[in-house]
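Derivation of every value follows stated rules applied to the coordinates shown; laboratory data play no part. Since the structure is predicted, the reported quantities are computational estimates derived from the model, not experimental observations. Note that we place each Cβ from the backbone using ideal geometry, even for glycine, and neighbour counts take in every protein chain shown.
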Amino acid sequence: MLDRPEGEYRILTAATVPTHLAELADVVAVLGGGPSDWRVRDVADGNLNSVFLVDGPAGGVCVKQALPYARIHGEAWPLDIERATFEVGYARRLDPFVGRLAPRIHAYDPVQYVIVMETLEPHVVLRRSLIEGVHRPKVPDAVGDYVARAAFHTSDLANTFERKAADVAFFSGNLALQRISIDLVFTDPYTEVWRNKPVAPHLLAWAAAVREDVELKSAVAVERLKYLNKPQSLIHGDLHSGSVMATADDTRVIDGEFAWMGPTGFDVGTFVAHYVMAWFAKPFHDGDPAGNAAFRDLIRDDVVRFWTAFRDRFSALWDEVGPTGDAYPPGHFADAAGRARLAGLREAYLADVFRDAVAAVALKIVRRVLGYAQVADFLVIADPERQALAKAGALAFARSLLLRPERYPDLAALVNALPVFERAGLDPLRSRNW
Ligand code: SR1
Ligand code: MG
């Protein structure tokens, strides 16, 4: 149990937000004026929390409160409000490294479990931009940069084991949200449970094929164990296209409440997975087919740019900052031969992250197609058969990534394979050996 001040937790409403913010001096300074001058908008659209935007005479803030249940489901799904402590802990741990790639935190109230942060306007959630066909070419570089900085600076490469153990100890407390990830990402989609969304008739054969495939479930078990046993770096834990907000020039990573000391590749693969799903969905969206085709080429290029940005920033940090943590004692690699060997170890480290990322791409596709929290990229396709066709391609790709990872030694192999899988169709047997 975390220490926290005494006080009574209350669910905030648009009407009570101003009175609450008036007690937070740093926030009053940002807003200017007083509570009667502040305009409050309820903008909650995520799965778990309430979110308000508040505007005052001098500026605006975003107010996020952890509710004692999953907002999207209601009180029938209780959820520990302590998750806000981990979200703010994640933001503060990464702030020195990622700076303006994340929103600035103005205040945290540990009694109301409220985070007050920078308003991101006119930023738009990346998923919406992808669905609407608005390209954000700076996002892949920015998110690759973000993930690399987080991954390097919170790993054994940069830290003493004592510092890293402190991160493991703290973020190991984020139990409620890790339970969600273990259930919703790694477990539920491969079985029939109440939380999974009903499977449309056109996709029933695919759902059965996934759920009956022991080889597939064995591969998933390996990844589940890895997630539980590989505290490689501080990961966001839910880095989908709804966790990134952008304008043409500015990109921010938001919503770190699923923070966990886990495999770096989990974040890398999660982000790639949501581009990949956008790629499979795009031809089925309304709009000019030629425009949709051109946009999906941009999406495929964005995947490559994201991985390249991640790899290059990570390599640069390794070279410039140096592995100053306990992983690679500098004295072991001081001479020319040692330095050359260290460069090889760096490539091996990145290859390992890539392998973990490939599996995470697959896990995230399966969960978003067969599990509880599905994605609008597919759901906006109104015709059920066309929606199922888009999803089937993605599932066929995910199955291949999990069962035949040796076919995907690098990112070129991964993106070049995409067009093959869009021909998978509704019969899962057709693509069984792809
Ligand atoms: C109760 S829905 C939970 C999901 O929403 C979040 O965005 C995460 O993806 C989580 O798995
Ligand atoms: Mg979220």
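Things worth noting here:
- Cubic angstrom per residue, convex hull over Cα atoms of segment 144-256: 144 Å³
- Computed over neighbours whose Cβ is under 12 Å from that of Arg404, the net charge equals +1, Lys and Arg +1, Asp and Glu -1.
- Relative exposure of Tyr275, Tyr328, Tyr69, judged by other C-beta atoms within 10 Å (fewest first): Tyr69, Tyr328, Tyr275
- In segment 251-381 the Cα-Cα distances spread across 10 Å bins starting at 0 as 11, 32, 30, 17, 8, 3 percent of all pairs.
- Counted over all Cα-Cα pairs of segment 273-346, pairs farther apart than 14 Å make up 70 percent.
- By the Stokes-Einstein formula, at 1.002 mPa s and 20 °C, segment 347-406 with its Kirkwood radius over alpha-carbon pairs has D equal to 171 µm²/s.
- From largest to smallest, the equivalent ellipsoid semi-axes obtained for segment 27-144 from the alpha-carbon gyration tensor read 23, 20, 17 Å.
- A convex hull fitted to the Cα coordinates of the chain yields 150 cubic angstrom per residue.
- Rounded to the nearest 20, the Cβ-based charge dipole of segment 1-136 about its Cα centre (Lys and Arg +1, Asp and Glu -1) stands at 500 debye.
- Label sites at His332 and Asp95, each approximated as a point 7 angstrom past Cα along Cα to Cβ, lie 3.5 nm apart.
- Taking the Cα centre of segment 362-425 as origin and assigning +1 to Lys and Arg Cβ atoms and -1 to Asp and Glu Cβ atoms, the resulting dipole is close to 180 debye.
- Alpha-carbon centroid distance for the pair segment 144-206 / segment 1-47, whole angstrom: 29 Å
- Relative exposure of Val193, Val116, judged by other C-beta atoms within 10 Å (fewest first): Val193, Val116
- Highest to lowest packing among 102-110, 397-405, scored as the average C-beta count within 10 Å: 397-405, 102-110
- For the pair Asp319 and Ala169, the difference between a 0.36 nm per residue extended length and the Cα-Cα distance amounts to 51.1 nm.
- Residues of segment 100-130 with amide N under 13 Å of a point placed 7 Å along Cα→Cβ from Asp26: 104-110, 114-118
- Cα-only Debye scattering, segment 212-274: base-10 log of I(q)/I(0) at q = 0.13, 0.18, 0.30 Å⁻¹: -0.43, -0.72, -1.21
- Straight-line reach from Lys164: taking Cα to Cα under 24 Å and skipping same-chain neighbours fewer than 8 places apart, the lysines in range are Lys226, Lys230.
- Using every pair of separate Cα atoms, the Kirkwood estimate puts the hydrodynamic radius of segment 1-69 at 12.9 angstrom.
- Structure remark: mean-square fluctuation, Gaussian network model of the chain, C-alpha springs under 10 Å; the largest value among Arg339, Arg163, Arg296 belongs to Arg339.
- Residue of Val51, Val214, Val114 that the Gaussian network model of the chain assigns the largest fluctuation, springs spanning Cα pairs under 10 Å: Val214
- Dividing the summed helix terms, -39500 (n - 2.57) for each DSSP H run of n ≥ 4, by the number of residues in the chain produces a 222 nm estimate of -16000 deg cm²/dmol to the nearest 500.
- The residues packed around Trp260, meaning those with a beta-carbon under 11 Å from its beta-carbon, carry a net charge of -3 if Lys and Arg are +1 and Asp and Glu are -1.
- Gap separating the Cα centres of segment 325-351 and segment 296-322, nearest whole Å: 20 Å
- If the segment from Ala248 to Thr191 were pulled out straight at 0.36 nm per residue, it would be longer than the present Cα-Cα gap by 16.4 nm.
- The chain, dipole about Cα centre (Lys/Arg Cβ +1, Asp/Glu Cβ -1), debye to the nearest 20: 1040 debye
- In percent, rounded to a whole number, the relative contact order of the chain is 17, using alpha-carbon pairs under 8 Å and six or more apart.
- Which of Ala336, Val375, Val321, positive extreme of dipole for segment 278-376 (C-beta unit charges): Val375
- Across Lys217/Lys364; Lys64/Lys364; Lys197/Lys391; Lys197/Lys282, pairs whose alpha-carbon gap is larger than 18 Å: Lys64/Lys364; Lys197/Lys282
- Taking every full run of DSSP H in the chain, the ones that stretch at least 24 Å from end to end by Cα along their long axis and average -1.0 or higher on the Kyte-Doolittle scale are 264-281, 289-320, 336-370, 384-403.
- Residues Ile72, Ile299 arranged by fewest to most Cβ contacts within 10 Å: Ile72, Ile299
- Charged neighbours of Asp312, selected by a Cβ distance under 11 Å, balance to 0 (K, R count +1; D, E count -1).
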